[in-house]
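Structure, as structure tokens:
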Amino acid sequence: MAIIYLDNNATTAVAPEVVEAMLPYLRDQYFNPSSMYDAARGPARAVAEARAGIANHLRCRPEEILFTSCATESNNTAIIGAIRARPERRHIVTTRVEHPAVLEVCKFLVRDGFEVDFLPVDGSGQLEVEAFVRALRPGQTLLVSVMHANNETGVLFPIGELARIAKETDPGILVHTDATQTAGKLPLDLKGELRHVDLLSLSGHKLHSPKGVGALFLRRGAPVRPFLLGGHQEGGRRGGTENVPYIVGLARALELAEATHAEDHERIAALRDRLEDELTRRIPYLEVNGAGAPRLDNTLNVAVHFVEGEGMLYQLSARGICASSGSACTSGSLEPSHVLRAMAVPFTAVHGSLRFSLSRYTTAAEIEAVIETLPEIVASLRRLSPYWDEGARAPRPEGEALLRQAVEERRQRLAQQG
Amino acid sequence: MTWNYSEKTTKLFMDAVQGRPGTHMGEIANPDGIGEHGSLACGDALRFTFRVERHPSDPTQDIIVEARYLTFGCTSAIAASEALCAIIEERRLTPIQALSITNKDIVEYLEGLPEQKIHCSVMGAEALQAAVFNWAQRRGVDLRALGVDITPEEREEGRVVCTCFGLTEPYLRRKIMELNLRSIADITNALKAGGACMSCHHKPGGLQDLLDDIWGRQPTEFKTEVELPVARLISRARSEDGLSPYQFAKKVERVLDEYVRPMLAQDGGDLEVVDIKDTLVYCRLKGACAGCVGANQTIKFMVEQVLKDRVDQRCRVIAV
């Protein structure tokens, strides 16, 4: 059975061009780039070229790029490194919808006595700028860490604007953004829109290079201490022998993304929009999470009322379709996704979320297959549901009552934080 | 987290969603017993109904001949519901005999369940108990007199230990002993308790305390969880000329009303003060000025200059 892979916000297929670029460094160019003999020049030059290429892509200086093992390491390095550099500041601003690689670090810091503001989002997943402004403390705030795009919903935060407001409030505030979901999908310009950003994390395996490599942009002069202590690699800012083949792969992947961006972007957006429109038309009581907010072109997150996500994923998987869900049964915790809860998605739908994330390899035929398959899967589960009448294609009276309660609860939740 | 369901579980699920003959999806009209467990908000819910062949004189000799379910939940919740109905119909039991069916029987019928999914089998057993209780009421059977002790309503009574799933101390105590749960992970897998915010794990009277009380104290891993702090308001220092933050804000508004807003109004625009911290004034242009290309420049230079001249030299304006 052919696989229809629509889980590209989780990880991506490695591009054949990336594999090609990596192979020499997995075969005979195995030398340690720090070594002195001539043979090591190849790998050393490859790392330097990769660094320059990525810097060119992000419009920054090569020495402002650190290679890491993953975006989680980049995020830890940014946050822990920043707090180590300036012990006099002990306040951090972040959001409730960050990836765990930021959220858990911030919760850990709360235990260590730091003050952290976890900003709420509205019903469409957007930050309220007022709340951001309110949270900033001139002279005290050490770090703002706000993701560029949300991995679950694709909702984009205006990080350029937020960074400018933070810097105008107090130039001493460092601004970090986790750009794992935007690197390779959107042009990132650290001289233009993102010129006030000091730290930016990205990951290779979200943009068609392999797992096990990431990068951190660290603006020259930004006070950040090393996190992974060890050798003199990366200018003493990150110990550990350079992962040469993967670094080469990451650079090649970004290069490819840049080269094909214009055409991919339009094609992917059209496919996503078609999927969204057709699912909305064919499945009653389906909500699009993040509708109305600026979103990544490749991401569609829907919540189906009165259906549990795992049963849908399981049947999709049986037909070769790979997607993901924020339902409790798939999260590893018994709680549904923290992102969807922060958006106050009604409880009748929060267990029935599905995320489809597309890539440049997604075809129109694959999207049609989902459009044909999912409505039938939803109907099969709703037939079993105590809250749904599939004959009438509507909730039963008890489901209707719960829906009213859920919508009212959502209204109150959002009003409370607004 | 990929699926490691048994073939049996998978088959029961796929048969059910495809509505194959021999599956038990549905609801019996005018049932002899009905029981529910779980809720939509908690992520799984089961409505279980059965019909009996009535004994002419002795209701305790009724035999369950048909069982049906409606389930909202994951793959294993649906498979466990199928298993429950299949076991009952196969065995031809009286409702009281049916009470001997435990979650272990359901797990066995499914040829195993992943640990984190054990609660799906518990849900089946609980719904069955509730249905038998309901049958006894309908048929005028005094279960207590027969030495059968089921009290489904204890779920609702007593101190709530796990607030996420609304589970009470008496319920948790009974289930911990009944299912021989020895650790917090066991409790979470079987009952979901403690599986969401986790704040009940180690607080006084929490899950670990219940375990220690029931089984005796055992060495445990130390763990605390942090709750998100509520966003704090910032205290503002007094400005240069000794104005309090309130007076300062009033003065800013007065000056804006007098010197800035009339100018903007000529172009159909307006200005909103979003926040003030010390002498930082956060402003947003509204109306016709909101979409203007020069909007931020207007704020930065025109508004800032007015405030510098008329409120406080240190005033800085930030566009938001």
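All of the numbers you see were taken from the coordinates with simple rules; none came from a lab. Keep in mind the model is a prediction, meaning the values are calculated, not measured. When we count neighbours, we look across all protein chains shown, and the Cβ atoms used for this are built from the backbone with ideal geometry, even at glycine.
With a 10 Å cut-off around each Cβ of A:132-142, the average count of Cβ atoms from other chains is 4. The peptide list B:260-266, A:370-376, A:180-186, put in order of mean Cβ contacts within 10 Å with the highest first, becomes A:180-186, A:370-376, B:260-266. The Cα atoms of the range A:287-418 give a gyration tensor whose axes a ≥ b ≥ c have a/c of 1.5 or more with a/b no greater than b/c, which makes the shape oblate. Our summary gives chain B a relative contact order of 11 percent, counting only alpha carbon pairs under 8 angstrom and 6 or more residues apart. Report D for the range A:27-149 in µm² per second (integer): Stokes-Einstein, Kirkwood Rh on Cα pairs, 37 °C, 0.692 mPa s. Answer, rounded: 191 µm²/s. Cross-link partners for B:Lys104 among the aspartates and glutamates, with Cα-Cα distance under 20 Å and sequence neighbours closer than 8 places in the same chain left out: B:Glu7, B:Glu36, B:Asp44, B:Glu82, B:Glu89, B:Glu90, B:Glu115, B:Glu126, B:Asp149, B:Glu178, B:Asp186. Compactness check for the range B:125-211: Cα Rg over 2.2 N^0.38 Å is 1.21.
Per-residue ellipticity at 222 nm from helix content only, as computed over the protein assembly as shown with -39500 (n - 2.57) for each DSSP H run of at least four residues, stands at -12000 deg cm²/dmol.
Packing-based ranking of A:297-304, B:112-119 yields A:297-304, B:112-119, ordered from highest to lowest mean Cβ neighbour count within 10 Å.
Taking a straight Cα-Cα cut-off under 16 Å and skipping sequence neighbours fewer than 8 places away in the same chain, the lysines within cross-link reach of B:Lys286 are B:Lys300. With only the Cα atoms considered, the protein assembly as shown has a convex hull volume of 195 Å³ per residue. Around the amide H of A:Leu119, modelled in the peptide plane, lie the amide H atoms of A:Thr94, A:Thr95, A:Arg96, all under 5 Å away and 5 or more residues distant in sequence or on another chain. The modelled label-to-label distance for the pair B:Ser57/B:Arg173, using points 7 Å beyond Cα in the direction of Cβ, is 4.3 nm. Helix A:100-111 and the longest principal axis of the C-alpha atoms of chain A enclose an angle of approximately 80°. Sorted largest first, the principal axis extents computed over the alpha-carbon atoms of the range A:16-257 equal 56, 36, 30 Å. For chain B, the longest principal axis of the alpha carbon atoms and the long axis of helix B:169-178 meet at an angle near 40°.
Other protein chain C-beta atoms within 10 Å of residue C-beta, averaged over A:103-114: 1. Loop-located GluC sites (Glu not before Pro) in the range A:1-104 (DSSP state other than H, G, I, E, B) with a sparse environment of at most 15 neighbouring Cβ atoms within 10 Å: A:Glu88.
Where a ≥ b ≥ c are the square roots of the eigenvalues of the C-alpha gyration tensor, would you call the range B:1-140 rounded, which needs a/c under 1.5, or, failing that, prolate if a/b is larger than b/c, or oblate? Prolate, because a/c is 1.5 or more and a/b exceeds b/c. The lysines whose alpha-carbon is closer than 17 Å to the alpha-carbon of A:Lys191, local same-chain residues fewer than 8 away aside, are A:Lys167. Place a point 7 Å from Cα of A:Ser317 in the direction of its Cβ. Which residues in the range B:85-121 have their backbone N less than 20 Å from it? In the range B:85-121, the label zone of A:Ser317 (backbone N under 20 Å from the point 7 Å along Cα→Cβ) covers B:107, B:110-121.
Paramagnetic label reach from B:Cys292 (point 7 Å along Cα→Cβ; backbone nitrogen cut-off under 18 Å): within the range B:245-285, residues B:256-274, B:282-285.
Entry note, the range B:1-140: relative contact order of 30 percent, from Cα contacts under 8 Å with a spacing of 6+ residues. With q set to 0.12, 0.13 Å⁻¹, the log10 of I(q)/I(0) for chain B, from the Debye formula over equal scatterers at the Cα positions, is -0.80, -0.89. The label-point distance for B:Val274 and B:Ile28, in a model that sets each label 7 Å from Cα toward Cβ, rounds to 6.2 nm.
Tell me the angle of helix B:7-17 to the major Cα principal axis of chain B, expressed in degrees between 0 and 90 and rounded to the nearest ten. Roughly 70 degrees, rounded to the nearest 10. Placing R0 at 22 angstrom, the Cβ-Cβ distance between A:Glu409 and B:Val160 gives a FRET efficiency of 0.70 after rounding to 0.05. Apply the a/c threshold of 1.5 to the C-alpha gyration tensor of chain A and tell me whether it is rounded, prolate or oblate. Oblate, because a/c is 1.5 or more while a/b does not exceed b/c.
Taken residue by residue and averaged, Cβ atoms of other chains lying within 10 Å of the Cβ of A:309-316 number 6.
With N the number of residues in the range A:43-92, Rg(Cα) / (2.2 N^0.38 Å) evaluates to 1.43. Testing the spin-label approximation: label points 7 Å from Cα along Cα→Cβ at A:Arg90 and A:Val110. State their distance in nm. Modelled inter-label distance: 1.7 nm. Just so you know, the Rg over Rh for the range B:245-319 is 0.94, from Cα atoms, with Rh as the Kirkwood radius.
May I ask you to derive the FRET efficiency for A:Gln416 and B:Leu146 from their Cβ-Cβ distance with R0 = 51 Å, giving the value to the nearest 0.05?
That gives a FRET efficiency of 0.50.
Share of antiparallel DSSP beta bridges in chain A, in percent to the nearest 5? Of those bridges, close to 55 percent are antiparallel.
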